[in-house]
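The structure appears below as structure tokens.
The values are calculated or read from the model by the stated rules, or taken from the named source; none is laboratory data. Keep in mind it's a predicted model, so treat the numbers as computed, not measured. FYI the Cβ positions are ideal-geometry reconstructions off the backbone, even for glycines, and counts take in every protein chain you see.
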Amino acid sequence: MEKKTTAIIILSCLSIAVIAGVGTHYWILNAETDSDEDDNDNTIHLGPKINIIDHNYAHLEDLKNIPIGWINAVKANLNIAYGHTSHGSQLTSGMANLDAFMGGNDIYIYGSDGGGDDTKLEFYDYNGGFGGALTTTTASDLGNPNDDAWAAATEEYLDHPSNPGTNVIMWSWCNIGGHDIDAYITHMEYLISAYSAGGSKGRTVGTEVTFIFMTGHVDGGGIGGTNNLQNEIIRDHCKTHNRILFDFADIESYDPDDNYFLDRNVNDNCNYDGGNWAIEWQTTHNGVDIEPSGGEWYSCSSAHSQPLNANLKAYACWYLFAILAGWDGN
């Protein structure tokens, strides 16, 4: 059911949308807010002042700090499409079990059937074959089958008469190493321009689309490795141009206590020189109980990795979504 007033698409990069529309200008991370709006005001204002979602926003406490009014605003106003393969499924695998862990009160729920009312986030999860029947171009992730197919499939999806009103697009990488990052950024900037209000696609403030940038997973190459150097190009671009970034690699470079592992050659399974940060943390923290009863992490699928990694990415996703819906992080 097409009821949202803004469209958001998530690509290995995330963009941001507002109830009134997705803005084309964003503020720098941690800029002070000048808003005195009440936390439960569900109006989406001019765009996020936090634009880099990294390990700083991937703790359980970060999730718990999101006001319920803004969680409701997410479900009422965002319509997200997400293209990915196995590594990218860590986000949705974590999200799938999150609500049960948090008490099973249907707060953190999502699905393609979310358009029926405002109680569930409308979220289209394309694990391979982005867009389904709405696209003719085969695209599975940002590099599969090539570095350009995802962009063509995104246009087909958004331009299709049966598009469900998507206003946020997210895509993720499999392995970012060896891919054309300049082409990725060029495609993203074209899409941002074309689907902004007044752009070539004829979108208005109420129908423009937000696109989310994303880094690729860590691979054991460390700070000087190809994957991190590729990721740094994306980070620098997003910081310079105030784009929205879901920093996939940064989130898995830290444990929940903010201990850093990229300089110890951490890989996607959370192995580092000397151990595995996720297994070590899980072993010493409560993974049996739900959160209201003292649980500190929860079991879930996590392709190529450990459950805790998917937990952190699920927390960061909901933080991102709240920012997209207009929350200022306070």
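Assorted remarks:
- Only one of the numbered conditions (1) at pLDDT 95 or above; (2) more than 22 Å from I251 (Cβ to Cβ) is not met by D118, and that is (1).
- Listed conditions (1) part of a loop (DSSP other than H, G, I, E, B); (2) within 20 Å of L308 (Cα to Cα); (3) hydrophobic (A, V, I, L, M, F, W, C) are all met by L91, apart from (1).
- Pair list, Cβ < 8 Å and 6+ apart or interchain, from segment 141-166 residues that are free of Cβ contacts under 8 Å to residues at least 24 places away in the same chain to residues that are part of a loop (DSSP other than H, G, I, E, B): P145/T138; P145/A139; A149/T137; A149/T138; A149/A139; A152/T137; A152/A139
- Hits in segment 319-330 - residues which are among the hydrophobic types (A, V, I, L, M, F, W, C), more than 21 Å from W173 (Cβ to Cβ) and in contact with a helix residue (DSSP H, G or I) (Cβ under 7 Å, 6 or more places away or on another chain): A322, A325, W327
- Going through (1) under 22 Å from F248 (Cα atoms); (2) touching a helix residue (DSSP H, G or I) at 6+ places or on another chain (Cβ under 8 Å) one by one, A149 falls short only on (2).
- Look at segment 204-218: where a residue is hydroxyl-bearing (S, T, Y) and at pLDDT below 95, no partner that is in a loop (DSSP other than H, G, I, E, B) and surrounded by fewer than 24 Cβ atoms within 10 Å (Cβ to Cβ) sits 6+ places away or on another chain with Cβ atoms under 7 Å.
- Screening N163 against (1) closer than 20 Å to W327 by Cα; (2) over 17 Å from the mean Cα position of the chain (by Cα); (3) among the polar types (S, T, N, Q) leaves a single unmet condition, (1).
- Here is the figure for segment 96-121: residues that are out of contact with any strand residue (DSSP E or B) (no Cβ under 7 Å at 6 or more places or on another chain) and over 21 Å from L60 (Cα atoms) total 5.
- Selection count where residues are in contact with an Asp or Glu (Cβ under 8 Å, 6 or more places away or on another chain), modelled with pLDDT under 95 and of a type in the set (A, V, I, L, M), scope segment 25-81: 1
- Residue check for G83: touching a residue at least 12 places away in the same chain (Cβ under 8 Å) and either among the basic types (K, R) or assigned to a strand (DSSP E or B) (or both): yes
- Top-ranked residue of segment 170-212 - restricted to ones that are among the hydroxyl-bearing types (S, T, Y) and closer than 28 Å to E232 by Cα, ranked as nearest to the chain's Cα centre (by Cα): S172
- For segment 108-118, the criterion of being closer than 30 Å to G69 by Cα and of a type in the set (A, V, I, L, M, F, W, C) is met by at least one residue.
- Leading residue by the ranking (surrounded by the fewest Cβ atoms within 10 Å (Cβ to Cβ)) among those in segment 54-99 that are β-branched (V, I, T) and more than 10 Å from Y315 (Cβ to Cβ): I68
Table: residues versus (1) under 26 Å from N105 (Cβ atoms); (2) at pLDDT below 95; (3) more than 24 Å from the chain's Cα centre (by Cα).
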position	(1), (2), (3)
E252	no, no, no
D255	no, no, no
C270	no, no, no
T284	no, no, yes
G287	yes, no, yes
S302	yes, no, no
S305	no, no, no
Y315	yes, no, no
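- Residues located in segment 100-112, provided they are in a loop (DSSP other than H, G, I, E, B) and either touching a helix residue (DSSP H, G or I) at 6+ places or on another chain (Cβ under 9 Å) or crowded, with 22+ Cβ neighbours inside 10 Å (or both): M102, G103, N105, D106, I107, Y108, I109
- Residues located in segment 301-319, provided they are more than 20 Å from D257 (Cα to Cα) and of a type in the set (A, V, I, L, M, F, W, C): A303
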